[in-house]
Amino acid sequence: MKQRIFGWITTLIGIVFALAVLEVTAIAWLYVEDGRYTPAAELFERTQNTYVRDATKGTSCRYVDTLFPHPYVGFVHHANPPCGQPWVNNVGLYGPDYPTVKPTDRYVVMLTGGSVASQLGQNGEPPAPRYLEQELNNKYVSPNGKPFMVLNGGDGAWKEPQPFILFSLYASSVDAVAVLGGFNEHYFFWPGAEERLERPLSNFIDVNPFVADENFGDAAIGWVMGRIAGSLALNPVLGRSHAAYMVVRGIEQAAKGKDIFKSSKKTTLNSIFHMPDNIRADPPKAFAVQLELFQKYWRATDAVARDNGVKSAFFLQPAPAIDKVLTEEEKRVVGDLGYRDLYRRMTAGMMTLRERGLPIYNLADVFADQKGTIYADHIHVVRAPDGESLGNRLLAARIAELLAETWGLQKKP
């Protein structure tokens, strides 16, 4: 009996020692990668951007579990348990329900774009601050004298033509539209980009697995692997382990590998939006083609707005690589800034739309005077647990000021 107990103790000590060695090795490896010691909790947070992470904070749900297929804009969100968000509105977005008929007791502004627009409109649970709506109501008088109501028309990974499509669906229900975009579109301007600007980003594949995979089994494997990774990250013990983080990172990479399974089918999502090889082989021409596509959707938005008697304005969003001196904290989270010149070229090309009469503005310098930390990741700004955010307040103030200039809004006394 004593020998058996001794054997158990020896085995246990061996396991503990092996785990300790594994943890120390993982810490050392990650120290070399980061150039400093980084707590495991912070590393787990980096596996998702802040927009995605906030959508599932405190749950074992994945971001894909909050998504719902939409026949025209690709994907929105849902309020269905167990992973739905109760504050999702009637069209699968955040904030007030979308009206069918234009309200007469409000001045309705649709703010549309990607995740940055969604956060500016406020995607968090009430009573989180509605930055742009509050800025407009605090400082300006609407054209009809009624309070401003800002409809949140943005979502994670949205880009043109999703904002254009959403606005077209509800153009008769609003008084004005403000479009905030540019960053998600810029990915398609890189030399060698295989698809046209309109190709939907990964969230579309998440809610339509048959589109991406040869068969549903591969998609299901990827989904299960992702759920395992999410559960490990939430475990009170493993969530503090560097070795567990490396396991989760490996699982996530494997799951993503399942998501990009190469289909042998003739018709695929890639083939539908394929950029012809002769254009791809000529980077200046490819850039010009993508720019024309991007411009087309903002011009189309303006045309639909004019036809419906709706005011419009367009804003190119700021990015960490442009104009702001980054803090050390920001440098650790914003990622590769190699897109700087490309983004500047794209925004310069979009700004030529002013020559066609579009009210378009470049917000690149909105954070230029800020010495503190604004960015929380590659594009989103820092938000406190209660939703307060200096970055969003500054963005809202600049946009509201430009809207007042463009739409002739009067300042409140």
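Between residue 303 and residue 72, with labels modelled 7 Å along Cα→Cβ, what's the label distance in nm to one decimal, could you check?
Result: 1.7 nm between the two label points.
Cα centroids of the range 172-192 and the range 340-413: how far apart, whole angstrom?
Here the two parts' Cα centres lie 13 Å apart.
Between their Cα atoms, which of 331/371; 311/412; 311/371; 139/159 are more than 25 Å away from each other? Present the calculation step by step, with values, prior to reporting the outcome.
On the way: 331/371 13 Å; 311/412 20 Å; 311/371 35 Å; 139/159 30 Å.
Cα-Cα > 25 Å for 311/371; 139/159; rest within.
Describe numerically, in nm with one decimal, the distance between label points set 7 Å from Cα along Cα→Cβ at residue 33 and at residue 198.
3.9
So who's got an amide H within less than 5 Å of the one on residue 151, skipping anything under 5 residues away but keeping other chains? H placed 1.01 Å off N, in plane.
Sorted by chain and number, the residues that satisfy this are 109, 110, 111.
Residue separation times 0.36 nm, minus the C-alpha to C-alpha distance between residue 281 and residue 412: what's the value?
Working: separation 131, 0.36 × 131 = 47.16 nm, distance 5.47 nm.
Here the segment from residue 281 to residue 412 would lengthen by 41.7 nm.
Tell me, what is the FRET efficiency for residue 365 and residue 79 to the nearest 0.05, using R0 = 45 angstrom and their Cβ-Cβ distance as r? Write out the running numbers ahead of the final one.
Working: r = 38 Å, r/R0 = 0.85.
Efficiency, from the Cβ-Cβ distance: 0.75.
What nm distance separates the two modelled labels at residue 405 and residue 240, each placed 7 Å from Cα along Cα→Cβ?
Those two pseudo-labels are separated by 5.2 nm.
Find out how many positive minus negative residues lie around residue 187, taking Lys and Arg as positive, Asp and Glu as negative, among other residues whose Cβ is under 13 Å from that of residue 187.
-3
Report ³J(HN,Hα) in whole Hz for each residue of the range 71-86, in order, from the Karplus equation J = 6.51 cos²θ - 1.76 cosθ + 1.60 where θ = phi - 60°; Gly and Pro get x.
Karplus-based 3J(HN,Hα) across the range 71-86 equals x, 10, 9, x, 7, 9, 10, 9, 10, 7, x, x, 10, x, 9, x Hz.
Every read-out reported here was derived from the displayed coordinates using simple, explicitly stated rules and does not represent laboratory data. Only a predicted model underlies this, so the values are computations on that prediction, with no experimental measurement involved. Here the Cβ is made from the backbone with ideal geometry for all residues, glycine too, and neighbour counts use every protein chain on show.
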